[in-house]
Amino acid sequence: MSPPDPRRDGRLRAISALAGRLLAFRALREALLSRTPPPPPPEGSEDPSEREVPANRRAETGVAVLLVLAALCGFGFTAAYAADWHDTQVLGATLGVCLALIAVALVLAGKLVVPQETHVEERGLLLKEDEVEEVADILEEGGEGISRRALLTGAAGLAGAGLLTAAATPLASLGPNLDGIHSTAWRRGVRLVDDKGSPYRAQDIEAGTFYTALPEHADPDAFGSGLIVVRLDAKYLHLPAARRGWAPDGILAYSKICPHAGCAISLYRYPTYQATSVGPAFTCPCHYSTFLPGEGGRVVFGPAGRALPQLPLMVDGEGWLRAAGEFREDIGPSWWSVHRGQS
Amino acid sequence: MSATRPRRSRSGSYADRRFRLTLRRAEERAGASGGIKWFLRYVFPDHWSFLLGEIALYSFITLVATGIYLTVYYVPSDTQVIYHGPYVLLQGEQMSEAYSSVLHISFDVPAGLLIRQTHHWAANVFIAAIVLHVMRVFFTGAFRKPRDLNWMIGLTMLMLAVLEGFAGYSLVDDLLSGMGLAIAYAVVLSIPFIGAQLGYLIWGGPFPGSGEFFARLEIVHVLLIPAALAILITLHLAMIMRQHHSQFPGKGRRERNVVGTPTWPAYALRSLGLLFAVGAVLILAGGLIQINPIWQWGPYHTYLSENGAQPDWYIGWLIGALRLMPNWEGPVIGGHTLFPNPFWGGAFFPLIVFGFMYAWPAIERRITGDYRRHDLLDRPRDRPTRTAFGAAFMSWVVIIFAVGATDRIFFQLYISYEQQIHFWRVGVWVLPVIVFFLVRSICRSLQRSGGHPLRAWEGEVLVRSPDGGFESVADSPEGRGSALAEPPSGTAPGQESNL
Amino acid sequence: MRRRLARRWLQRRPRTPARVRVVVAILCGGLAVALLSAQGSQGAAQPSGGERVLANKQAVAPAPGEMTAPLPSSPALVAQGRRLYASSCASCHGIGLQGRRRIAPSLIGVGAGPVDFYLSTGRMPLPDPRVPPVRAPVKYSRTQIDALIAFVGSFGGPPAPDVDPSKGSLALGLHEFTLNCAGCHQMVARGGLTVSAVVPSLLQANGREVAEAVRMGPYVMPHFNSRQIDQHALDSLARYVLWTHHPDNAGGWGIYNLGPIPEGMVAWFLLALSLVLFARLIGERTT
């Protein structure tokens, strides 16, 4: 047993005093905050039934006038329709006002013309214990005398399984094969054309703008068809080593479909003067995923989880721009077995 | 027992006698008087907030009526055609037959644009009314037993309504909705394991789908979901009528009774008036305010897109989530990408939101330990924690919605898009917490003061005495007596109706 | 007496709690900012009903003076231009138009188009080289701009692009605009957003500005030469952009032609709100 340490005692006392003060403060705050006046009983004991018969001639007149005006608007709609059934505004206005007048007339009638009643009804109990028991008894009585319950239940279960399998089979056979999910129309030698079908020459591709390219003789609306093509000067070009040959003369082609959620990438920022601005980049207008064409489609902002797939290009002997091979990865949004790019 | 024609009453006016005779003849065949009598005397509690569900119902009726007209003219085909109709800007443009048919409806069919726009406004208002109705049910505790089953039916209807609206405007195959379908495809694909198969099943192949996609979507939009909604609405209303509508506590109102207006004549007239009002508002909007001008967007092609493309407001919460997510994708195990990025914002987020809402009655029962039946409603202020929690949850969803929608506003204030995203990635968690504490404290102070939320008296009344000096009068003019320290306690199982 | 009446009036009036007032003020302020900024981004106001471009009706004709005539040039103009340049532009672009590193690009060889574009839209002179150039009140008169064009043009470069919107085809304009421009500028040229830049709305652009911007690609916009967008396509683009100033809102009020966001706001704050108010008229208001 060590001798009592006055400093330790002092500290303990200080701590307990502080704790005591905190507790007292909290108790006081609770007491102040929870002070409320005594409530009335929430369930009313008076009888609120009443019946009031209005004798409101003015309201009746009002309702009649409104209904007549509504009739006029209704006829007005027919007249407007006969005059010009394309004038959406007049048609909508006449019909809408007609309905609105009827609405007001009905509400006026409902509040000022007909008797106003307040009734009280008893709310039935939903749970009637004995009835539930009786239902259970009746159901069970239906099984009286059955000796081999388990056999019948098992057989019924088996039949059900058989029926379900039969029902599910057509559905399952509708079932998609995922053939073609990894392929697009782009193969080595396919020419790049614009949306009117004219092929692109390599020399027509200029820096500072972007082009939409589609595969010649293929479905332009297939997901894998759209390409975005740009030419970048050497200062912006930093492709990974394996892709150096993919960009003849600095012309790059990428899938136009964003690998995040499938929108077409149609924003291209190309700075007039890079020093006070940012480098060339593609952006998708849906969720603003941003990709750098000079760096193999790398994602620099936004929710896209994969880089933009790049298509290798080549220039043929006559100067036409052609694909130099297939995409090395899947285009479009990611899924369970998506082929992701290596570089 | 006589086989001759029924006796006619000799008293009353001619109209009255014919009326009663007609009723008799109907009764001889249908035997429905008992039910009709029950319905005519059925009591509806009268609060205005109980009409929000009716606004949704009447919007649905408008949707069905206008939808029938549209379905007569719509062609669900993606066969490419060249446009030669009256709209000059699209002359010679290649588009699907579906898009062309909607252009036809908008420009050629009599009153076609009016009906089309009314239909679209009705869809927007339908879902807005459902959301308001869900809010009312939540904040007044009307989802508690025995109405928790109806709460789930209602949530299912909300989900179906959202899907229905999305399917409806996607049928048009314009640029805006086509982009939305591509995103929906990406979200379906992002579901782990079965995503690609499910996507191929729905679209009949890879996006943009096979030739039958629009026919399929049309059947879903025109038959399957409306039929499901009609069945659920019937169930929903049947359960309400069986249980009787809940009511706020007040004069003469007890757990075991219902106080209100009988159907006939006042309530029926007012309700009918609301039907006509909904129709009027929607038709006025359909004629006077343009919605979805698809001729300005042009047809959809997979290689086209536009800036500022947005879904309709009830899908906006999802685009916000998709934009807000950091670019997490993976993990990649054995060549399989377990969670592609759109999964989080497009599938996981709505799963959490709806799952939480479905589970809330059970969660609240567990937390409060209250397993009683409740037919008297709470004022939101009488359950500060529930109200605060609901407000915080809503603010979370609304902030995510705002992230997807308010980029244009912020950039007017020179806050760049990247800054907005970085801010809200933190703010979307912090603000709901602040909302929780704020709303809870507002509820408590409203409980104390007993006043109207926007007109509550807070302060002291001072009176000057004749010999100078002020003294405070402790009463408030609004009356402090109306505060409820304890909300209504509900009916314990086995309690009879003699409360 | 008056004091007592005043005090009684003050005491009787129900006061909203401070918290609620603050929240309402923030919401109103936010809404006001949103509406004002939406207005601001439109520029010119929309006439209601618009023009319906149906059945071969002609669209909006180009405004007088838009068709490009050869720009004037004379030694006096060049001299005036030199003086203006030295006083306003040389500090960033250099006295010999060579540019300054990290501040401003060289203007040698840019030609007349960029000079006309930047100056007649007020984007230049730019107060701070790090700030994006946006449309602003024009600092110079037409003569002064012509003088500067003549001066900068004397250092070489292409002439200003020709454009005649009335020769263009609206259908081709829509087609080309969708393919090349809508990704940034939005389908009806209401402007938009991209990462690190704001894309302006084209509501105040005239045909000549459109042509100049297309050919030169100001700030971070790409530029499109005549092999990608030929003269007819350029005329059509200009005609389409002019058309977007008054698009055919056949359905009624166009709500700024921004798409589903203003539509959602109308659905909630106009339609749903009016129906809720109607419901309040029908039902009881006290609980």
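Condition check for A:TYR254 on (1) of a type outside the set (S, T, N, Q); (2) away from chain C (no Cβ under 14 Å); (3) surrounded by fewer than 22 Cβ atoms within 10 Å (Cβ to Cβ): one failure, at (3).
Are there helices (runs of 4 or more DSSP H) fully within segment C:180-258 with at least 1 residues that are within 26 Å of A:GLY226 (Cα to Cα), touching a Ser or Thr at 6+ places or on another chain (Cβ under 7 Å) and within 13 Å of chain A (Cβ to nearest Cβ)? List them.
Where helices (runs of 4 or more DSSP H) fall fully within segment C:180-258 and carry at least 1 residues being within 26 Å of A:GLY226 (Cα to Cα), touching a Ser or Thr at 6+ places or on another chain (Cβ under 7 Å) and within 13 Å of chain A (Cβ to nearest Cβ), they are C:182-185.
For segment A:182-216, a tally of residues being outside any strand (DSSP E or B), surrounded by fewer than 16 Cβ atoms within 10 Å (Cβ to Cβ) and small (Gly, Ala, Ser) returns 4.
Might you let me know whether segment B:169-183 holds any residue that is in contact with a helix residue (DSSP H, G or I) (Cβ under 9 Å, 6 or more places away or on another chain) and of a type in the set (S, T, N, Q)?
Yes, segment B:169-183 has at least one match.
Filtering A:ARG298, A:ARG306, A:ARG269 for residues that are touching a Lys or Arg at 6+ places or on another chain (Cβ under 8 Å) and either among the hydroxyl-bearing types (Ser, Thr, Tyr) or within 24 Å of B:GLY320 (Cα to Cα) (or both) leaves a single hit, A:ARG306.
For segment B:21-60, filtering for residues that are away from chain C (no Cβ under 14 Å) and among the β-branched types (Val, Ile, Thr) leaves 2.
Run down B:TYR185, B:TYR200 and say which single residue is of a type outside the set (D, E, K, R), in contact (Cβ under 8 Å) with a residue 12 or more places away in the chain and either farther than 16 Å from B:ASP312 by Cβ or outside any helix (DSSP H, G or I) (or both). Checking each option against the conditions leaves just B:TYR185.
A quick yes/no check of all residues on (1) outside any helix (DSSP H, G or I); (2) within 25 Å of C:GLU176 (Cα to Cα); (3) in contact with a Leu (Cβ under 9 Å, 6 or more places away or on another chain):
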site	(1), (2), (3)
B:TYR267	no, no, no
B:ARG270	no, no, yes
B:LEU274	no, no, yes
B:ALA280	no, no, yes
B:GLN296	no, yes, yes
B:HIS301	yes, yes, yes
B:LEU304	yes, yes, yes
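All conditions in (1) at the interface with another protein chain (Cβ under 8 Å from one of its Cβ atoms); (2) touching a residue at least 24 places away in the same chain (Cβ under 8 Å); (3) of a type in the set (A, V, I, L, M, F, W, C) hold for A:ALA218, with the sole exception of (1). Among the residues here, B:GLY260 qualifies as in contact (Cβ under 8 Å) with a residue 40 or more places away in the chain, within 30 Å of B:PHE143 (Cβ to Cβ) and buried (at least 23 other Cβ atoms within 10 Å of the Cβ). Give the residues of segment A:221-248 that are part of a loop (DSSP other than H, G, I, E, B) and within 14 Å of chain B (Cβ to nearest Cβ), sorted by residue number. Selection gives A:ASP221, A:ALA222, A:PHE223, A:GLY224, A:SER225, A:GLY226. For segment B:107-148, a residue qualifies if it is of a type in the set (Lys, Arg) and part of a helix (DSSP H, G or I), and the qualifying residues are B:ARG116, B:ARG136. Only a single item in (1) touching a Gly at 6+ places or on another chain (Cβ under 9 Å); (2) crowded, with 16+ Cβ neighbours inside 10 Å is not met by B:VAL220, and it is number (1). Screening B:LEU181, B:LEU132, B:LEU171 for residues that are touching an Asp or Glu at 6+ places or on another chain (Cβ under 7 Å) and crowded, with 20+ Cβ neighbours inside 10 Å leaves exactly one candidate, B:LEU171.
Taken together, the residues in segment A:299-319 that are surrounded by fewer than 17 Cβ atoms within 10 Å (Cβ to Cβ) and farther than 17 Å from A:GLY250 by Cβ amount to 4.
Evaluated against (1) modelled with pLDDT of 95 or more; (2) more than 19 Å from B:GLN310 (Cβ to Cβ), B:LYS145 falls short on exactly one condition, (1). Checking segment A:113-121 against the condition returns a match, with at least one residue being assigned to a helix (DSSP H, G or I), under 30 Å from B:ARG253 (Cβ atoms) and touching a residue at least 24 places away in the same chain (Cβ under 8 Å).
The set of residues in segment B:273-303 being touching a helix residue (DSSP H, G or I) at 6+ places or on another chain (Cβ under 6 Å) and either hydroxyl-bearing (Ser, Thr, Tyr) or within 7 Å of chain A (Cβ to nearest Cβ) (or both) consists of B:GLY273, B:PHE276, B:ALA277, B:GLY279, B:ALA280, B:ILE283, B:LEU284, B:GLY286, B:GLY287, B:LEU288, B:TYR300. Looking at segment B:348-355, can you tell me whether even one residue there is crowded, with 22+ Cβ neighbours inside 10 Å and either assigned to a strand (DSSP E or B) or within 29 Å of the chain's Cα centre (by Cα) (or both)? Among the residues of segment B:348-355, not one is crowded, with 22+ Cβ neighbours inside 10 Å and either assigned to a strand (DSSP E or B) or within 29 Å of the chain's Cα centre (by Cα) (or both), which makes the answer no. Only a single item in (1) touching a helix residue (DSSP H, G or I) at 6+ places or on another chain (Cβ under 7 Å); (2) modelled with pLDDT under 95; (3) surrounded by 11 or more Cβ atoms within 10 Å (Cβ to Cβ) is not met by A:GLU134, and it is number (1). Within segment B:324-344, if we keep just the residues that are surrounded by 24 or more Cβ atoms within 10 Å (Cβ to Cβ) and touching a residue at least 60 places away in the same chain (Cβ under 8 Å), the residue that is farthest from the other protein chains (Cβ to nearest Cβ) turns out to be B:PHE343.
The values are calculated or read from the model by the stated rules, or taken from the named source; none is laboratory data. Because the structure is a prediction, the values reported are computed rather than measured. Backbone-built Cβ (ideal geometry, glycine too); neighbour counts: all protein chains shown.
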